[in-house]
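The values are calculated or read from the model by the stated rules, or taken from the named source; none is laboratory data. Remember, it's a predicted structure, so these values are computed and weren't measured experimentally. Cβ atoms come from the backbone with ideal geometry, glycine included; neighbour counts cover every protein chain shown. For accessibility, only protein heavy atoms count, side chains too; no ligands or nucleic acids. Shrake-Rupley method; radii C 1.70, N 1.55, O 1.52, S 1.80 Å.
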Amino acid sequence: MKKTIYIILFILLGIILQFLAHAIIEIWYINLLINNFATYGLGMTWETWVLIHNIGAVVVFLAGAYLGFRQGKYWWHRIYKI
């Protein structure tokens with residue numbers, strides 16, 4: 001039970017960290033798009049950028065959860081040697 005809670009908390013940490021990284025990257029790039037859409041829009045419309053965001057958000061969320069799971073397992077074995 002202790003191991004399960006430990007890994008779940010690491011998954012939660014991975015999700016929180018990916019949310020922070022996603023927000024920083026998104027704020028940075030949206031500012032670029034707003035200031036000079038012709039250059040940084042890469043020839044795509046706003047609708048395409050929204051689609052890219054939606055797909056990217058799911059991918060980054062799953063990656064954060066997966067990396068949290070892997071780190072939880074790694075550090076559980078590393079600290080408790082079980």
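For Asn54 and Phe37, the difference between the fully extended length at 0.36 nm per residue and the C-alpha to C-alpha distance is 4.2 nm. Charge dipole (Cα centre; +1 on Lys/Arg Cβ, -1 on Asp/Glu Cβ; no other charges) of the chain amounts to roughly 780 debye.
Rolling a 1.4 Å probe over the protein heavy atoms gives the chain an accessible area of 77 Å² per residue. Working note: Karplus 6.51/-1.76/1.60 with θ = phi - 60° gives segment 49-58 the couplings 5, 5, 5, 4, 4, 4, 5, x, 4, 5 Hz, where Gly and Pro are set to x. Compared with the alpha-carbon gap, the fully stretched path from Ala65 to Phe19 is longer by 15.5 nm at 0.36 nm per residue. With θ taken as phi - 60° and the Karplus curve 6.51 cos²θ - 1.76 cosθ + 1.60 applied, the whole-hertz 3J(HN,Hα) list for segment 25-35 is 5, 5, 4, 4, 6, 5, 4, 4, 5, 5, 6 Hz, x standing for glycine and proline. For the options Ala23, Ala38, Ala63, a Gaussian network treatment of the chain with springs between C-alpha atoms closer than 10 Å singles out Ala38 as fluctuating the most.
On the accessible surface of the chain, probed at 1.4 Å, how many percent belong to carbon and sulfur atoms? If you can, show how the numbers build up before the last one.
On the way: 4790 of 6330 Å².
Here it works out to 76 percent.
For the chain, what is the calculated [θ] at 222 nm in deg cm²/dmol (nearest 500), taking -39500 (n - 2.57) for each run of four or more DSSP H residues and dividing by its residue count? Before the final figure, lay out each step's value.
Working: 3 runs with 73 residues, N = 82.
The helix-only estimate for the chain comes to -31500 deg cm²/dmol at 222 nm.
Relative contact order, whole percent, for the chain stands at 61, derived from Cα pairs under 8 Å and 6 or more residues apart.
With point charges of +1 on the Cβ of Lys and Arg and -1 on the Cβ of Asp and Glu, referenced to the Cα centre of the chain, which listed residue (Phe19, His77, Thr45) lies farthest in the positive direction of the dipole? Of the candidates, His77 comes out farthest on the positive side. Taking amide H positions as modeled 1.01 Å from N, with prolines and chain starts lacking one, no residue 5 or more places away or on another chain lies under 5 Å from Gly41. Phi-derived couplings, Karplus 6.51 cos²θ - 1.76 cosθ + 1.60 at θ = phi - 60°, listed residue by residue for segment 72-77: x, 5, 4, 6, 4, 5 Hz, with x used for Gly and Pro.
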